[in-house]
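Notes follow the structure.
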Amino acid sequence: MSAAEDGSDGREQDLDEGGRLPYGQDRDPDRRDRSLGPRDRDLDGRARNARPRDGLGRPLPYGTAGVARQPEGIVRTPAATVAEAQELLDAGKPFHAHEVFEDAWKSGPARERGLWRALAQTAVGLTHAARGNLTGGVRLLRRGAGGVEEWARESGEPRPHGLDLDGVVRWARDLADRVEATGDVVDARARAPRLRG
């Protein structure tokens, strides 16, 4: 039987004791079979998909050039968080902006965690609306808007760290209404919010 007939590419492959390729080797370099080895892990041993991502955070095939990921676990000042998130939103990278907000949510003062979480939800809502998951986008935009509004009401701070919370709430609800009414996928860069008004 030839290599073409048995489905192989004709290359010899060193299998481990369980008949699997060692981690990092693929039978088909264009498609990684996740059952071939252990999960991708970061340096701390946490499960972390090592596939490259596009600007909206969608996984790309292994070996494809992707967009650099946001480092996780960075402690930023609130001003730096807002500035970096706005820069990413303006670049059409709401998925990456959500990761910046998520860092603030996880590392910031407890009294602000609801604010950063809600802002992360609006960024994920924009991500989904730009990816074509319109139902998820609408749901997260509205959930995030509600969270921002609730935080502003309970804290009595309509402009913490220079954020225009009323403007963010209006933006998220208007975008959710537009996506729901038209069914159109949005351009994340064109529809980015102005965090400081």
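Listed by position, the helices (runs of 4 or more DSSP H) contained in the range 87-189 that have at least 2 residues being touching a helix residue (DSSP H, G or I) at 6+ places or on another chain (Cβ under 6 Å) and in contact (Cβ under 8 Å) with a residue 60 or more places away in the chain are 113-131.
Against the list (1) closer than 23 Å to L56 by Cα; (2) open to solvent by 20 Å² or more (accessible area, probe 1.4 Å), the condition L175 fails is (2).
When the range 178-197 is limited to residues that are within 15 Å of Q86 (Cβ to Cβ) and buried (at least 20 other Cβ atoms within 10 Å of the Cβ), the one that is nearest to the chain's Cα centre (by Cα) turns out to be A188. Could you grab me the full set of residues in the range 66-124 that are farther than 20 Å from A145 by Cβ, open to solvent by 60 Å² or more (accessible area, probe 1.4 Å) and hydrophobic (A, V, I, L, M, F, W, C)? Residues satisfying the conditions are A68, I74, V75, A110. Within the range 54-65, residues that are within 11 Å of H96 (Cβ to Cβ) have Cβ atoms under 8 Å from residues that are at pLDDT below 85 and not basic (K, R) in these pairs: D54/L60; D54/G66; D54/V67; G55/V67, counting only partners at least 6 apart in sequence or on another chain. Residues in the range 67-98 that are within 14 Å of the chain's Cα centre (by Cα) and modelled with pLDDT under 80: A68, R69, Q70, P71, E72. The residues of the range 128-156 that are farther than 16 Å from A118 by Cβ and surrounded by 18 or more Cβ atoms within 10 Å (Cβ to Cβ), listed by number, are A129, A130, R131, L134.
The values are calculated or read from the model by the stated rules, or taken from the named source; none is laboratory data. The structure displayed is predicted, hence computed values, not measured ones. Here the Cβ is made from the backbone with ideal geometry for all residues, glycine too, and neighbour counts use every protein chain on show. Side chains included, ligands, DNA and RNA excluded: accessible areas come from the protein's heavy atoms. Shrake-Rupley method; radii C 1.70, N 1.55, O 1.52, S 1.80 Å.
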